[in-house]
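Q: Below you will find the structure I want to go over with you.
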Amino acid sequence: MNRFDDSILRMIDANLNRCREGVRVMEDCARFALGDESLSERLKAARHALRAAIEALPISSDALIASRDTSNDVGTAINTPQEHQRTDGMRDLVSAAAKRASEALRVIEEASKTLGNKGTLFESIRYRLYDIERDLVFALHPPCPQWTLCVLVTRDLCTHFTPEEIIALSADGGADCIQIREKSMADVAFLEYAGSLTDHAHQLGLHVMINDRVPIAKLVGANGVHLGQDDLPIKAARSLLGHGYWIGRTCPTLRHAIQAIDQGADTCGIGPVFSSTTKTKPTLAGLSLVESYLAEPETNATPMLAISGITPCNIDQLSAIRCPGVAVSSAICSSDDPRNAARTIVESIGSRQTNASPTIIA
C-alpha cells in the first residue's frame with residue numbers, strides 16, 4: 001500500500017500522460033508543419049523539464065503506473081463535440097494541445113503540493129508553454145502588420161511607368177505593401193503576371209496582397225488576399241489558403257468591419273472615404289467611419305487601411321484623425337512622380353503617428 005492517497009497518484013499519472021501528449025502534438029506541429037528547429041528544441045526541452053520535475057517528487061514511476069486504473073476511470077467515457085473537431089486546421093490543433101498540456105500541468109502542480117512539493121517546477125513549465133503556444137500560433141499564422149501605405153497596382157492605371165517601375169518607386173517612397181488588382185485579366189495571364197510582380201515586390205521588401213483571386217494568391221506565394229463584400233466569404237477563403245496568409249475585407253460600415261473581424265479578417269479596408277476616379281461610389285462613408293473604427297474596441301486592435309480617393313492633396317485630413325494607414329491607387333499609379341507621391345503620403349501619416357499614443361496591433 002502506497003503511503004500516499006492513491007487518488008492523488010492517479011491524478012498525477014493521468015495528467016502527466018495528458019501533458020506529454022499535448023506537448024508532443026505541439027512539437028510535431030513545429031517539426032513537421034513549420035520545420036522550425038528553435039520551437040522544436042524548446043518543446044523538447046519542456047518535455048525533459050517535465051520528466052525532471054516528476055522525478056523530483058517523493059514517489060516512484062512504478063508507484064504512478066501501479067495507481068493506474070483506466071477501466072474504472074469514469075472520465076474516459078465523457079466526451080464533448082469539440083473534442084472531435086479541428087475545423088480551424090493546424091492552429092486549432094496547436095491551441096487544443098497547448099490547453100490540454102497547460103491544464104494538466106496545473107492539476108499536477110496542485111496535486112504535488114499534497115505530497116509536500118511546492119509545485120514551482122510545474123508552474124515554471126506551464127508558463128513556458130504559454131509563451132511557446134503564442135510563438136507557435138504566430139509562426140503558423142503571423143499577425144498582419146499595420147501598413148502605412150498599400151499601393152493598389154492596376155496595369156491600365158500605370159500611365160507613365162510600368163507596374164514593375166511603379167512598385168519599385170513606391171517602395172522608394174516608403175510604401176510597405178502592394179495589392180495586385182486586375183479584374184478583367186484572364187486567370188492564365190494573371191497567374192504569370194501576378195507571380196512576376198509578387199517576386200519583384202518581395203525582393204524589394206514589400207508585402208503582397210492579391211485582389212479577389214484566392215487560389216492564385218496561394219499559387220504565386222503572395223502574403224494574402226483582399227476580398228470585397230461580394231467576393232468569397234472569409235471562412236471559405238481561409239479553408240483554401242490555410243493559416244499562412246492574411247485576409248483583408250472591404251468594409252463600408254462599422255457593422256461590416258465588426259462582422260469581418262469576427263469571421264477572421266486580419267485587416268480591413270475602411271471606406272469609401274473620398275470620391276474615387278477609378279470606381280464609382282454612390283455612397284461615401286467619409287472620415288467619420290475611420291474615426292469610428294479607431295474608437296471602437298471591437299475593431300481598433302485590427303489593422304486597417306482607409307480606402308478610396310486618397311491622394312497627396314487630401315492625406316492630411318486622414319492623418320489629422322490619426323489614421324494609421326491608407327490604400328492608394330491612381331494617385332500613385334497614374335502619377336508622373338510616384339516616388340514623391342508615396343513619400344508625401346507616408347510622411348503625412350508618420351508625422352501624426354509620432355505624436356500619437358501607442359496603439360497595440362494584435
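Q: How many nm is it between the label spots at residue 72 and residue 183, if each spot is 7 Å from the Cα in line with the beta carbon?
A: 7.2 nm
Q: List the residues, sorted by chain then number, that are 5 or more residues from residue 226 or on another chain and whose placed amide H is less than 5 Å from its amide H.
A: 210, 211, 212, 248
Q: Let me check against my output: what whole-number percent is the relative contact order of the chain, with C-alpha pairs under 8 Å and at least 6 apart? Please report the intermediate quantities before stating the final value.
A: Numbers: 578 pairs, mean separation 54.8, N = 362.
This gives 15 percent for the chain.
Q: While we're looking at this one, here's another question. What are the ³J(HN,Hα) values, in whole Hz, obtained from phi via the Karplus relation 6.51 cos²θ - 1.76 cosθ + 1.60 with θ = phi - 60°, for each residue of segment 170-176 in sequence order, with x given for Gly and Pro?
A: 5, 4, 4, x, x, 4, 10
Q: Amide H neighbours of residue 185 under 5 Å, at least 5 residues apart or on other chains, H built in the peptide plane: list them.
A: none
Q: For the chain, build the charge dipole from Cβ charges (+1 Lys, Arg; -1 Asp, Glu) around the Cα centre, then report which of 159, 351, 180 sits farthest towards its positive end.
A: The residue sitting most towards the positive pole is 351.
Q: If you don't mind, there's one more thing I want to ask. Read phi for every residue in segment 120-131 and hand back ³J(HN,Hα) as whole Hz from Karplus 6.51 cos²θ - 1.76 cosθ + 1.60, θ = phi - 60°, with x for Gly and Pro.
A: 5, 5, 5, 4, 4, 5, 4, 5, 4, 5, 4, 5
Q: In whole Å, what three semi-axes, largest first, describe the equivalent ellipsoid of the chain built from its Cα gyration tensor (square root of 5 times each eigenvalue)?
A: Working: eigenvalues 526, 83, 67 Å².
For the chain, the ellipsoid semi-axes come out as 51, 20, 18 Å.
Q: Run the dipole for segment 112-195 about the Cα centre, Lys and Arg Cβ at +1, Asp and Glu Cβ at -1, nothing else charged, and hand back the magnitude in debye, nearest 20. If you can, show how the numbers build up before the last one.
A: Numbers: 8 positive and 12 negative charges, 161 e Å.
The dipole of segment 112-195 has a size of about 780 debye.
Q: Once every DSSP H run of n ≥ 4 in the chain is given -39500 (n - 2.57) and the sum is divided by its residues, what mean residue ellipticity at 222 nm do you get, rounded to the nearest 500 deg cm²/dmol? Spell out each step's value before the answer.
A: On the way: 14 runs with 179 residues, N = 362.
Estimated from H runs of four or more residues: -15500 deg cm²/dmol.
Q: Related question: Which whole-number percent gives the relative contact order of segment 203-362, counting Cα pairs below 8 Å spaced six or more residues apart?
A: Values: 260 pairs, mean separation 23.8, N = 160.
Rounded, it is 15 percent for segment 203-362.
Q: What is the magnitude of the charge dipole of segment 149-353 about its Cα centre, with +1 placed on the Cβ of each Lys and Arg, -1 on the Cβ of each Asp and Glu, and no other charges, expressed in debye to the nearest 20? Write down the numbers at each step before the final one.
A: Working: 15 positive and 21 negative charges, 80 e Å.
Dipole size: approximately 380 debye.
Q: In nm, give the distance between the simple-model label positions of residue 44 and residue 283, each being 7 Å from the Cα along the Cα-to-Cβ direction.
A: 5.8 nm
Q: Where the centroid of each part is defined by its Cα atoms, how far is segment 271-334 from segment 213-245 in Å?
A: Comparing the Cα centres of segment 271-334 and segment 213-245, I get a distance of 23 Å.
Q: For segment 224-326, what's the radius of gyration and Dmax over Cα atoms, in angstrom?
A: 13.5, 40
Q: Rank 284, 241, 12 by how far each Cα sits towards the positive end of the charge dipole of the chain (+1 on Lys, Arg Cβ; -1 on Asp, Glu Cβ) and give me just the farthest.
A: The listed residue farthest towards the positive side: 12.
Q: For segment 60-71, just list the computed ³J(HN,Hα) in residue order, Karplus coefficients 6.51, -1.76 and 1.60, θ = phi - 60°, integers in Hz, with x standing in for Gly and Pro.
A: 9, 5, 4, 5, 5, 5, 5, 6, 5, 8, 4, 5
Q: Projecting each Cα onto the charge dipole of the chain (Lys/Arg +1, Asp/Glu -1 at the beta carbon, about the Cα centre), which of 209, 144, 97 comes out farthest on the positive side?
A: 97
Q: Jot down the radius of gyration and Dmax of segment 6-140, Cα atoms only, both in angstrom.
A: Every Cα atom of segment 6-140 included, Rg and Dmax give 15.3, 42 Å.
Q: While we're here: State to the nearest 20 debye the size of the charge dipole of the chain about its Cα centre, where the only charges are +1 on K and R beta carbons and -1 on D and E beta carbons.
A: On the way: 36 positive and 44 negative charges, 106 e Å.
Result for the chain is approximately 520 debye, rounded to the nearest 20.
Q: Quick one: which residues, 5 or more positions from residue 150 or on another chain, have an amide H under 5 Å from its amide H? H modelled 1.01 Å from N in the peptide plane, none for Pro or chain starts.
A: 326, 327, 328
Q: Oh, and also: Can you tell me how much longer the chain between residue 313 and residue 196 gets when fully stretched, taken as 0.36 nm per residue apart minus their C-alpha distance, in nm with one decimal? Intermediate results must be reported in sequence, preceding the final value.
A: Numbers: separation 117, 0.36 × 117 = 42.12 nm, distance 3.17 nm.
Value of the extension gain: 38.9 nm.
Q: How much length would be gained if the chain were fully extended between residue 61 and residue 37, taking 0.36 nm per residue of separation minus their Cα-Cα distance, in nm to one decimal? Intermediate values should be presented prior to the final figure.
A: On the way: separation 24, 0.36 × 24 = 8.64 nm, distance 3.05 nm.
Gain in length upon complete extension: 5.6 nm.
Bear in mind these aren't lab numbers, they're just calculated from the coordinates by the rules spelled out. The structure presented is a predicted model; accordingly, all values stated were derived computationally and were not measured. Cβ atoms come from the backbone with ideal geometry, glycine included; neighbour counts cover every protein chain shown.
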